[in-house]
Every structure is written in C-alpha cells, then in structure tokens.
1. Got a number for carbon plus sulfur as a percent of the chain's accessible area, 1.4 Å probe?
2. Starting from the 7 Å offset along Cα-to-Cβ, what nm value, one decimal, do you get for the label separation of LYS221 and ASN168?
3. Roughly how much of MET85 is accessible, in Å² to the nearest 10, using a 1.4 Å probe?
4. At 0.36 nm per residue, and after removing the present C-alpha to C-alpha distance, how many nm does the segment from ASP205 to GLU13 gain when stretched out fully?
5. Going by average Cβ neighbours within 10 Å, how do the peptides 106-112, 171-177 rank, with the highest at the top?
6. In deg cm²/dmol and to the nearest 500, what is the mean residue ellipticity at 222 nm of the chain if only DSSP H runs of at least 4 residues count, each as -39500 (n - 2.57), divided by the residue total?
7. Run the reach check for LYS193 against lysines, Cα to Cα strictly under 25 Å, same-chain hits fewer than 8 apart removed. What comes back?
8. Which whole-Hz ³J(HN,Hα) couplings does segment 116-123 yield from phi under the Karplus relation 6.51 cos²θ - 1.76 cosθ + 1.60, θ = phi - 60°, glycine and proline marked x?
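The values are calculated or read from the model by the stated rules, or taken from the named source; none is laboratory data. Every value quoted in this text rests on a predicted model; they were computed, and no experiment measured them. A quick note on method: Cβ atoms are made from the backbone with ideal geometry, for glycine too, and the neighbour counts reach across all protein chains shown. Side chains included, ligands, DNA and RNA excluded: accessible areas come from the protein's heavy atoms. Shrake-Rupley method; radii C 1.70, N 1.55, O 1.52, S 1.80 Å.
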Amino acid sequence: MLFMCHQKVMKKEAEEKLKAEELRRARAAAEIPIIWILGGPGCGKGTQCAKIVEKYGFTHLSSGDLLRNEVASGSDKGRQLQAVMASGGLVSNDEVLSLLNDAISRAKGSSKGFLIDGYPREKNQGIEFELRVAPADLALYFECSEDTMVQRIMARAAASSVKRDDDNEKTIRARLLTFRQNTNAILECYEPKTLTINAERDVDDIFLEVVQAIDCVLKKKQQNAAQC
C-alpha cells in the first residue's frame with residue numbers, strides 16, 4: 001500500500017514537472033512571433049516562406065521536414081518513426097508536436113521568429129500546439145481554387161524526374177477535399193488571428209500583403225514588450 005502511494009506521488013511530481021517545463025518553453029517562445037503557414041498543395045506557400053525567411057530572418061519549420069530529418073539521423077526515435085511510416089501508419093500528433101517543440105527550443109536563442117509550415121492540419125492539432133508550445137500570433141492562409149491547385153500539382157509532377165502513383169487528378173482532388181474539410185474547421189476556430197490571402201495573384205503582390213500582416217504582428221510584440 002505504501003509502495004502504491006509512493007508511485008502516485010512520483011507520478012504526480014513527474015506530471016507537474018512536465019507541465020512546468022512546457023510552461024517555461026511557452027513563455028520563452030512567446031517572446032518572438034510564431035506564425036502558422038496554411039494552404040493546400042500547390043498554393044505557393046513554399047515560395048512565400050522563402051521570401052519571409054529572406055526578409056525577416058525567421059526560422060522555417062516544416063513538420064514533414066522534421067520527421068524526415070529525424071528518420072535520416074538514425075536515432076532511436078527516427079527508427080521508430082520510420083517503422084510507423086513504413087507500415088502505412090500515421091505518426092501521432094504527440095510525436096510531431098514533440099519534434100516542433102524541440103526545434104523551437106533549440107532555435108529560440110537566435111531566431112527572430114518561427115514559421116510553422118503545414119501545421120496544424122486539423123483543429124485539435126492547433127489546440128494542442130498552443131497548449132504545449134505557445135500561442136500562435138498569426139495564421140496566414142493562402143487560398144487557392146481547387147482547379148488551380150490541381151493544375152499546379154499536375155504540372156509539378158510532370159516536370160519531376162520521380163513519378164508517383166498518386167500524382168493523378170482523382171487522387172489529388174480526394175486529398176484536396178480532406179484538406180479543405182480540416183482547414184475549414186481550423187479557420188473557424190482561429191478566425192480572429194487568421195488572414196486569408198488570395199494566392200492566385202502575382203507572387204510579389206501576395207508578398208506585399210504578407211509583409212503588412214507580419215509587420216503588424218512585430219509592432220504589437222514590441223508594444224507588449226515595452227509595457228512589461
């Protein structure tokens with residue numbers, strides 16, 4: 001009986017320690033802007049992220065890249081992730097969040113801001129991110145029509161030297177349907193901090209709107225810091 005009580009106390013202490021660490025990270029991360037970059041495949045968000053990094057020196061974090069890098073590292077976690085993906089399974093949100101959190105923690109001393117590319121993919125992921133990592137300051141949603149995204153993806157696939165079985169219109173439209181259903185829930189949940197941008201215009205025109213939004217976030221950050 002005494003042993004069981006001791007175990008409960010140890011478990012509670014471990015949980016409290018984890019919560020305290022997550023809170024500490026959240027406060028540290030909140031000192032610099034965190035921006036979610038949302039948009040379907042072919043919407044051009046990769047091009048805009050590159051321009052944002054060039055202008056502001058932000059750290060660009062893609063959940064997909066982090067997963068691939070962890071697998072390529074040959075670490076124990078990487079081998080576990082590779083086994084999950086090789087079996088056709090989905091990597092848990094907890095694992096993805098852990099990778100994002102670690103990447104933000106490593107870079108927070110030198111980074112001027114974070115672009116979280118392609119995440120969250122669904123509403124609950126956004127909720128967990130803000131609880132465990134830090135609140136997002138802004139969500140940029142690059143909106144494109146389905147036909148435009150299909151045309152861009154098909155053109156990109158045709159130009160690629162590597163051909164994939166799922167690079168066909170039927171499969172692409174099915175993926176886009178799932179994307180839109182999940183994204184609509186995210187946009188509804190985070191409407192106050194979301195800017196929807198027409199991504200079917202000239203790249204530079206789109207970037208002008210992006211710059212205005214980011215400059216506004218930076219101004220608010222500076223004002224809040226001055227009040228502390």
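1. About 53 percent, which is the carbon plus sulfur part of the accessible surface.
2. Those two pseudo-labels are separated by 4.6 nm.
3. 80 Å²
4. Extra length from ASP205 to GLU13 when fully extended: 63.9 nm.
5. Packing order, densest peptide first, comes out as 171-177, 106-112.
6. -21500 deg cm²/dmol
7. Counting by Cα, and skipping residues close in sequence, LYS193 has these lysines nearby: LYS45, LYS51, LYS55, LYS108, LYS112, LYS123, LYS219, LYS220, LYS221.
8. Karplus values, whole Hz, x for Gly and Pro: 9, 8, x, 8, x, 9, 8, 4.
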